[in-house]
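What follows is a single structure, written as structure tokens, with notes after it.
The values are calculated or read from the model by the stated rules, or taken from the named source; none is laboratory data. Keep in mind it's a predicted model, so treat the numbers as computed, not measured. In this analysis, Cβ positions are derived from the backbone assuming ideal geometry, glycine residues included, and neighbour counts consider all displayed protein chains.
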């Protein structure tokens with residue numbers, strides 16, 4: 001009996017083409033669709049404004065109709081262009097704090113990548129009462145940027161120490177933790193209390 005990898009190899013040999021997953025196919029179709037006529041880009045812009053609106057409301061904003069919006073929205077989701085939908089939280093309003101971690105790593109290896117993936121998919125931050133907001137692998141001075149929220153500095157420090165301990169063999173220098181004083185834009189949303197920035201004027 002052929003296993004999954006053998007089946008894919010057999011398909012490559014017999015067809016002379018690389019094996020495409022359903023998501024690969026959907027991504028290709030989506031990229032082709034945005035080059036002509038009404039595209040998912042307009043739907044995407046409306047979803048970024050407010051994904052909780054009804055299809056009818058989004059259709060009116062796009063000058064289209066409900067069924068077409070539904071089809072384009074499904075394309076975006078099935079192709080992986082849209083990962084999902086979330087709430088934009090003002091951490092200060094719930095007495096939490098936001099932090100940024102800047103980390104320099106040694107060159108990426110399979111073992112290191114597996115560790116990064118495992119920590120994220122297993123919700124290791126959540127186990128420490130941390131809300132992970134964003135993580136980016138970078139090109140530049142730093143290799144990893146982590147944005148997270150915690151109830152207080154003590155909890156944030158525990159998360160910081162857990163990263164230093166588990167990533168120790170992969171670190172190039174000491175990670176840096178930064179306290180976010182004020183968020184002006186989060187996930188494309190302007191802070192409704194942005195005028196409070198003036199509170200920081202000395």
So which residues in region 84-102 are assigned to a strand (DSSP E or B) and under 18 Å from the mean Cα position of the chain (by Cα)?
-> 98, 99, 100, 101, 102
Within region 178-202, which residues are more than 20 Å from the chain's Cα centre (by Cα) and surrounded by 12 or more Cβ atoms within 10 Å (Cβ to Cβ)?
-> 182, 193, 194, 196, 197
In region 104-117, which residues are surrounded by fewer than 15 Cβ atoms within 10 Å (Cβ to Cβ) and either touching a helix residue (DSSP H, G or I) at 6+ places or on another chain (Cβ under 8 Å) or part of a loop (DSSP other than H, G, I, E, B) (or both)?
-> 106, 107, 108, 109
(1) under 18 Å from the mean Cα position of the chain (by Cα); (2) more than 27 Å from residue 142 (Cα to Cα): which one isn't true of residue 74, the others all being true?
-> (1)
Only one of (1) modelled with pLDDT of 95 or more; (2) not assigned by TED's automatic domain parsing to the domain that holds residue 175 does not apply to residue 86, and that is (1)
In this structure, does residue 101 turn out to be in contact with a strand residue (DSSP E or B) (Cβ under 6 Å, 6 or more places away or on another chain) and either surrounded by 11 or more Cβ atoms within 10 Å (Cβ to Cβ) or on the phi > 0 side of the Ramachandran plot (or both)?
-> yes
For region 48-55, indicate whether the set of residues that are outside the structural domain of residue 152 (by TED's automatic domain parsing), surrounded by 11 or more Cβ atoms within 10 Å (Cβ to Cβ) and touching a residue at least 60 places away in the same chain (Cβ under 8 Å) is non-empty.
-> yes
Might you check whether a residue that is under 18 Å from the mean Cα position of the chain (by Cα) and under 27 Å from residue 188 (Cα atoms) occurs anywhere in region 111-118?
-> yes
Would you point out which residue out of 168, 114, 129 is over 19 Å from residue 181 (Cα atoms) and either in contact with a strand residue (DSSP E or B) (Cβ under 7 Å, 6 or more places away or on another chain) or modelled with pLDDT under 90 (or both)?
-> 129
